[in-house]
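Below is one structure, written out as structure tokens; the observations come after it.
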Amino acid sequence: MHDKPALAEPLGPRFQPVRLVLVVLAALLLVSLASNWYAGQVSLPRYCQQPELVLRRLAAIITENRPAGEESRRDYIVAAKLEFLVPPTADEPLDAYLQRVRRRLEQQCR
């Protein structure tokens, strides 16, 4: 009579969802830290030369349909990046947002 063979264990490593979640969370944290560092050390200092002009362009981007008109759009695209770096909060009035961006630039440009 034939004996039944014992069930063999899988040859590869077992799937460990907790380890996978930890690796993904660590990767997300590293990306977040790196992007914050880059924004503070590289991106935001670019706005220190003419912060008032950048703030006017940022206000125009938020309030106007065609803020550049027929002019070059590059300067307005640069200002729009500032909105990404310092996003407005929900229901934040434009004046309060621009003041917050101004304070952030003042801190950054010291």
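The values are calculated or read from the model by the stated rules, or taken from the named source; none is laboratory data. All values reported here derive from a predicted model rather than from experimental measurement. A quick note on method: Cβ atoms are made from the backbone with ideal geometry, for glycine too, and the neighbour counts reach across all protein chains shown. All accessible areas refer to the heavy atoms of the entire protein, side chains included, with ligands and DNA or RNA removed. Shrake-Rupley method; radii C 1.70, N 1.55, O 1.52, S 1.80 Å.
If residue 69 meets every condition in (1) touching a helix residue (DSSP H, G or I) at 6+ places or on another chain (Cβ under 7 Å); (2) open to solvent by less than 50 Å² (accessible area, probe 1.4 Å); (3) not in a helix (DSSP H, G or I) apart from one, which number is that one?
Failing condition for residue 69: (1).
Those residues that are part of a loop (DSSP other than H, G, I, E, B) and open to solvent by 70 Å² or more (accessible area, probe 1.4 Å), I need them from the stretch 89-110; list them, please.
89, 90, 91, 93, 110
Note down all Cβ pairs under 7 Å where the first residue falls in the stretch 77-88 and is at negative phi and part of a helix (DSSP H, G or I), the second is open to solvent by less than 60 Å² (accessible area, probe 1.4 Å) and β-branched (Val, Ile, Thr), and they're at least six residues apart or on different chains.
That search, which allows pairs on different chains as well, returns 79/54; 79/61; 80/61; 82/54; 82/101; 83/61.
Every residue, every condition in (1) loosely packed, with under 11 Cβ neighbours inside 10 Å; (2) free of Cβ contacts under 8 Å to residues at least 60 places away in the same chain; (3) farther than 30 Å from residue 82 by Cβ, yes or no:
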residue: 20; (1), (2), (3): yes, yes, yes
residue: 25; (1), (2), (3): yes, yes, no
residue: 43; (1), (2), (3): no, yes, no
residue: 50; (1), (2), (3): no, yes, no
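Yes or no: residue 18 at pLDDT below 85 and part of a helix (DSSP H, G or I)?
Judged against the criteria, residue 18 is not a match.
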